[in-house]
Number of protein chains: 2
Amino acid sequence: MKQAYPNTCGILVSDEVAKEYGPAIFSAYDDPNQPIELLIVDGDKALTSDQTDRARVALLSVDVMGSSTRSYDDPKLKHFSEIVLRAPNLEWLQICASGVDRALYSALHQKGVRLTNAAGVNAASVAQTALAGMLALVRNVPAWIEAQKQQKWQPLRGPLVPDDLSERRAVVVGTGAIGRSIGQALRALGMHVTGVRRTQGDLPEFSALRTFEELDQVLPNADWLILACPLTSTTHHLIDARRLSLLSPAAYLVNVARGSVIHEPSLIDALFARRLAGAYLDVFESEPLPETSPLWDMQGVLISSHSAGSFARHQQRLLALFIKNLAQFCVDLPLFNETVPTA
Amino acid sequence: MKQAYPNTCGILVSDEVAKEYGPAIFSAYDDPNQPIELLIVDGDKALTSDQTDRARVALLSVDVMGSSTRSYDDPKLKHFSEIVLRAPNLEWLQICASGVDRALYSALHQKGVRLTNAAGVNAASVAQTALAGMLALVRNVPAWIEAQKQQKWQPLRGPLVPDDLSERRAVVVGTGAIGRSIGQALRALGMHVTGVRRTQGDLPEFSALRTFEELDQVLPNADWLILACPLTSTTHHLIDARRLSLLSPAAYLVNVARGSVIHEPSLIDALFARRLAGAYLDVFESEPLPETSPLWDMQGVLISSHSAGSFARHQQRLLALFIKNLAQFCVDLPLFNETVPTA
């Protein structure tokens, strides 16, 4: 079946994308010998097998991802996944997120479908959310909100006085687009920022770089440990009981990566024992975070519900990346953000 | 009485400062011909008139300011002020805050006492608090906290999806240490930042600079208007009904300056009419903000109780400045942060 429609670039897109970005997609590549065709996935309507055959590209857009979590597929995603998995001539899937840890991605990868993620696209959103969490903890924003609700004037002085980030030491695990955005912001706030990654080197967004092998050496002096890495065999349970015990009891932990980068029961133990000052957590080993998790109401713990990568202009910025990539694809140039499944 | 003790540098300090920083203060200047003497103000105990006569310098430290607000004097501040106002040979007062708008400061200034503020000292704290408020608004941190309280998994997607700051335009009024710290942080987050000040020029912390006369021209394109200026005759009610109406209804207002930089009733009108998306306010025309103020529970309004300049390491950083200044004072060199009362 391969090469049955060599001259048409059929693209599986949602009806929402077709409507809002159709003209922009067509503008990516204008060659009558290889016309772009939008194959529109509308709600739960089926495509004809002829349409599915013509699909060489698929865009898993923000609306298709919908309210999916790592362990739950939105009906729109389910329907889209079924079509994508059945498309015999699919060559490339553009994903709207940075994480490449869904079963769909492994299945496509095994079939030889190329994957590109949206790493740079949501980097600013994730980095700014990490920073929102850090500043909420260090400036005690929950106390503002509580006092405001009670219409109570409560200056944060005396025993309530909050700290700030200046001159504090941050360790950022992961030096991709998200980690670098975090590093750049924290340095601008006067922090000393060490980036941790696989290889040695220098990056302007960090005061220093260390390898994963050197992580243990930098933990004892970290005021903030920030996880912004993909979930891989190296990072799975990277932060376990032993590494948590290397941190200062005054240190804070931030996770905007994946829940399983932390061994969650050990984190809960450390927080209970006050061997850690607090944590801002966007991701968890099991999502949705079970109602019974003690993390929900532990002192010094701030939680958001896997929302760091959600931002209003996500679709707009994803489409900008997709259109740039489509132009590359149509003339056989390398794709931006090509990646492989990590789970 | 002037020059009665020309060879002693008597310094009025709190008992807390004497205890924690005494040795450090003595180390500022070591000359047997002009020995430093600490004149300790302990609780509400009176000083002898001889001691008061010997005071040439006074340090209004963080513990003395206590829980004072712009309109309320903590008993410790009251007692300290009385002593300071009676000291006939006082030449210089170091203040722990940046605002120079208390009656005490005008009274001392009229008597010829030099004033230095702590502008650079709390700049990082104020700037980081402004950023905490902005990120709390744009990433909807109040919704995280509310969901967490209810132990409810609530990803911010669909209608709840929050915006981010990238590529947005900020206008920062005031380009002192605080405004520059804010500018630097926002530029690192990918914002376009215009600074507004009296004079033309360039500063690396801003994408562009405008004068107060040009403020009206930059307001219509501002996504965020951030007030970080001193309260002066120029900035009093700078943001009034007319200027609020120049802002986009999608714009946010941030005030970490002084309440009276905004005409508060006009702000309340604009927020009620949804002619403004929201506001983060640390300061108010009347403090404590009256319980009856509609600001407490307006949609999109985040409030902190004049806490932006409060931070745990305030005393430590104030003393570093004071000791640097004392070394200058003892050898008749210019003082850092010398200023005049603004109210």
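The values are calculated or read from the model by the stated rules, or taken from the named source; none is laboratory data. Everything quoted here is computed from the prediction, not taken from an experiment. As a convention, Cβ positions derive from the backbone with ideal geometry for all residues, glycine included, and neighbour counts pool all protein chains shown. For accessibility, only protein heavy atoms count, side chains too; no ligands or nucleic acids. Shrake-Rupley method; radii C 1.70, N 1.55, O 1.52, S 1.80 Å.
Some observations on this one:
- As a length-normalised measure over Cα pairs under 8 Å and 6 or more apart, the relative contact order of the range B:21-88 settles at 30 percent.
- Distance to the A-onto-B rotation axis is smallest for one chain A Cβ; residue and value in angstrom are A:A188, 2.
- Leading residue at positive end of dipole, chain B (Cβ point charges), from B:F336, B:V141, B:G99: B:V141
- If you take the Cα centroid of the range A:202-275 and the Cα centroid of the range B:126-175, the two points sit 25 Å apart.
- Quotient of the Cα radius of gyration of the range B:255-343 and 2.2 N^0.38 Å, N being its number of residues: 1.54.
- Here is the size of chain A from its Cα atoms: Rg then Dmax, 22.3, 74 Å.
- Ordered from largest to smallest accessible area (heavy atoms of protein chains, 1.4 Å probe), the residues B:H314, A:H236 come out as A:H236, B:H314.
- Relative contact order (percent, whole number), the range A:252-313, Cα cutoff 8 Å, 6+ residue spacing: 37 percent
- Chains A and B together bury roughly 5500 Å² of accessible surface, counting both sides and using a 1.4 Å probe on protein heavy atoms.
- Anisotropy class of the range B:169-324 from Cα gyration tensor, a/c 1.5 cut: oblate
- Note on A:K45: aspartates and glutamates with a C-alpha under 20 Å away, same-chain residues under 8 apart excluded, are A:D15, A:E16, A:E20, A:E37, A:D53, A:D63, A:D73, A:D74, A:E82.
- Nearest-10 value in Å² for the accessible area of A:S181, using the 1.4 Å probe: 40 Å²
- Looking at the range A:296-341, the pairs of alpha carbons with a distance over 11 Å make up 76% of the total.
- Using the Cβ-Cβ distance between A:T199 and B:N33 with R0 set to 60 Å, the FRET efficiency works out to roughly 0.50.
- Mean separation of Cα pairs under 8 Å and 6 or more residues apart, divided by the residue count, gives chain A a relative contact order of 17 percent.
- Using the Cβ of A:S14 as centre and a radius below 11 Å, the other residues enclosed give a net charge of -3, where K and R count +1 and D and E count -1.
- Counting from the shortest, the label point at A:A103, 7 Å from Cα toward Cβ, is 7.4 nm from the same position in each remaining copy.
- In this entry, the range A:250-303 is assigned a mean projected area of 3.3 nm², taken as a quarter of its C-alpha convex hull surface.
- Rounded to 0.05, the FRET efficiency of the B:S49 and A:L160 pair, given R0 = 30 Å and the Cβ-Cβ distance, is 0.20.
- For B:L302, the residues whose modelled amide H falls within less than 5 Å of its own, excluding neighbours fewer than 5 places apart on the same chain, are B:A279, B:Y280, B:L281.
- Amide N proximity, the range B:13-30 versus B:Q328 label position 7 Å along Cα-to-Cβ, cut-off under 14 Å: none
- Proximal lysines to B:K149, defined as alpha-carbon separation beneath 22 angstrom and excluding residues fewer than eight positions away on the same chain: A:K149, A:K152
- Cα shape, the protein assembly as shown, gyration tensor, a/c 1.5 rule: prolate
- R0 of 41 Å, Cβ-Cβ distance B:K149-B:D15: FRET efficiency to nearest 0.05: 0.50
- Our Cα-only numbers for the range B:91-243 put the radius of gyration and Dmax at 18.7, 62 Å.
- Gyration tensor (alpha-carbon) shape descriptor, the range B:61-120, a/c threshold 1.5: oblate
- Residue pairs exceeding 20 angstrom between C-alpha atoms, taken from B:K111/B:K324; A:K19/A:K76; A:K76/A:K111: B:K111/B:K324; A:K76/A:K111.
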